[in-house]
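Data first, discussion second: the structure below is written as structure tokens.
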Amino acid sequence: MLFYDAVAKVFSEMNQTSDRYQPEYLFVNDGSSDKTLQVLKTLQAEHKDTVHYLSFSRNFGKESALAAGLDAATGDLVAVMDVDLQDPPELLPQMINLIETEDYDCVGTIQKQRRGQGRVRAFLSSQFYKVIDAISQVHIEPNARDYRLMTREMVDSVRSLPEYNRFSKGIFAWVGYKTTYLEYESQPRAAGETHWSIMQLFNYAIEGIIDFSDAPLKIATWIGGLSFVLAIFGLIFVVVRALTVGGSVAGWPSMVTIMLLLGGIQLFCLGILGQYISKIYLESKHRPKYIIKEQK
């Protein structure tokens, strides 16, 4: 397996003078339909003491897979990585050194530019981070990856958050802890291709904004208040004009347009409110974030 070989090589070089670092590999199979599980079984059979895996009953999504990995990890330091090698294992020695020598609790990563990412997707991604950083109560590092190394204390704090709807980058920022970031050049995928569409990324962005900010509700409130004030001024204008000029106020087309505009604003605000209510509904069910069908 390319990922295992790459990480094992890094630790082999780190342990040339001593066997101080003993890595443990925990793979999460998020309901894949290919031969991933069989590959993991073969790898685990070859390295029974250091390789473990969790296999979900279906696809629960990236956030659930990440949560499952953190729940099952037992190491003093825990690294979160994608197995497509876009997260370079060569950064691990530097990340470990920063935590051990400079008293950091977390070393995250920032990818400068993803290879194969179109301009539209790159622009939308950058704008999303600007928006969520501006409206959320915590600072979320722009273009940060999930690839990071954390201390046991920080991992336990992340695990203590029970919410069903999760946005990991926001959670990592919310728990605090002293964090620094390393930048690296985009790496090509060792295998496979992304299955994230623009619509999926958009939905993920909405999840992040709703999970870590009440700004949309405040915006809806301000829009409603502004509409009310404008309506009062409009009513005053109609009354004053009728008293001074006389006759009715013409303008049915403009009136219909205004009614449609206000109706659209109301539906928009109801949609925002509905998103928050749906999150409350899902949380109230207390469903597990994932279901493990097989593990070893």
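The values are calculated or read from the model by the stated rules, or taken from the named source; none is laboratory data. On a predicted model such as this, the values are computed, not experimentally measured, just so you know. Cβ atoms come from the backbone with ideal geometry, glycine included; neighbour counts cover every protein chain shown.
Observations, loosely collected:
- Checking every residue in the range 67-78 against the condition of being surrounded by fewer than 16 Cβ atoms within 10 Å (Cβ to Cβ), more than 16 Å from ARG159 (Cβ to Cβ) and acidic (Asp, Glu) gives zero matches.
- Matching entry among ASP82, ASP105 (being among the acidic types (Asp, Glu), more than 12 Å from LEU182 (Cβ to Cβ), out of contact with any Leu (no Cβ under 6 Å at 6 or more places or on another chain) and at pLDDT 90 or above): ASP105
- Those helices (runs of 4 or more DSSP H) of the range 149-213 in which 1 or more residues are within 15 Å of the chain's Cα centre (by Cα), at pLDDT 70 or above and not hydrophobic (A, V, I, L, M, F, W, C) occupy 168-174, 198-212.
- Hits in the range 259-296 - residues which are closer than 26 Å to GLY69 by Cα and among the hydrophobic types (A, V, I, L, M, F, W, C): ILE280, LEU282, ILE291, ILE292
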